[in-house]
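Following: one structure in structure tokens, then a few remarks.
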Amino acid sequence: MTIDLHELDAFEAVARHRSFRKAAAERGVSASALSHAMRGLEERLGVRLLHRTTRSVTPTEAGHRLLARLAPALRDVADALADVTALQAVPAGTLRLNVPRPAAWLVLAPILAGFVAKYPCVKVDVVTDDGLADIVDSGFDAGIRFGESLAGDMVAVPVGPPQRFVCVASPSYLKLRDAPKTPDELLDHACVCRRFPSGRHYHWEFLVSGKSLTVAVAGPLVFDDDMLMIQAARDGAGIAYVYEAMVREEVAAGRLVSLLDSFSAPPGRFFLYYSGRRNLPTALRAFVDFIRAETPSL
């Protein structure tokens, strides 16, 4: 019995994404071709690997067992190939990044054009995702997250300038309500709330008399997208707590007013992170070096 490595790699992609469509898009083939290849693999193995319904694809018990042994082996193969390609003088290949939407706007977009201009043989594939994806299991080379709290086997590299959060409201909102003078007064205001992908609501952070303070605000609107929060604040729906860099022009133009600036929490950083257990592909090594050259130190 002959099993093609490409078939095993395709099975891993389908089982990881739990979707023929997503796995096919990742591999640049059609979903029907991928489904046909999986049926052929199952026939040769004599065992069903995937449960298929009209809405989902999930591994069977045999599929789970194969995936548990196969995924690490495929990573070893990828690392071995990366070791070989590391000998290349010119960085090349695809660099897959998992990035939250604010980071994509604030720190990634400003440097990508310069990076691909310098390394034309590198293709950068960016997936925006505000959840906490496992970049290794999901097949990403690296990710970006706010803050340095990462798993112990990850390497973190600061990317972009420090980022500060600010409270903002529209002049029309402040005509109807007195501006809050302290963070606690936010409890008497309509606030545009932030929801994490986990479903948890974000408590706004401040610094009062040198001590950290969090405020569990409430309001009529809850979003998981900064642009929607900013638009709601601009339309007079309430006070929003967002990245200062995303509203700097709005504040300068008078469309939004910055509030409680004297209580702002210390700025934080976005970090590029990647597994420290593998040798870096040339594309990722070039990207890390490029980021270090472009990012100001604290």
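The values are calculated or read from the model by the stated rules, or taken from the named source; none is laboratory data. This one's a predicted model, so the numbers in the text were calculated from it and none came from an experiment. Please note: Cβ atoms are built from the backbone with ideal geometry, for glycine as well, and neighbour counts cover all protein chains shown. Heads up: the accessible areas ignore ligands, DNA and RNA and are worked out on the full protein's heavy atoms, side chains in. Shrake-Rupley method; radii C 1.70, N 1.55, O 1.52, S 1.80 Å.
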> Which of the residues that make up region 14-44 are closer than 16 Å to residue 125 by Cα, assigned to a helix (DSSP H, G or I) and open to solvent by less than 90 Å² (accessible area, probe 1.4 Å)?
Replying inline: 23, 24, 25, 26, 27
>> Restricting to region 65-82, and then to whatever is of a type outside the set (A, V, I, L, M, F, W, C) and either loosely packed, with under 13 Cβ neighbours inside 10 Å or closer than 21 Å to residue 27 by Cα (or both), can you tell me which residue is modelled with the highest pLDDT?
In response: 69
>> Is it the case, given these coordinates, that residue 209 is over 15 Å from the mean Cα position of the chain (by Cα), at pLDDT below 95 and of a type outside the set (A, V, I, L, M)?
In response: yes
>> Test of understanding: among 104, 117, 113, which residue is crowded, with 17+ Cβ neighbours inside 10 Å, in a helix (DSSP H, G or I) and at pLDDT 90 or above?
In response: 104
> Of the residues that make up region 160-172, is at least one part of a loop (DSSP other than H, G, I, E, B) and open to solvent by 40 Å² or more (accessible area, probe 1.4 Å)?
Replying inline: yes
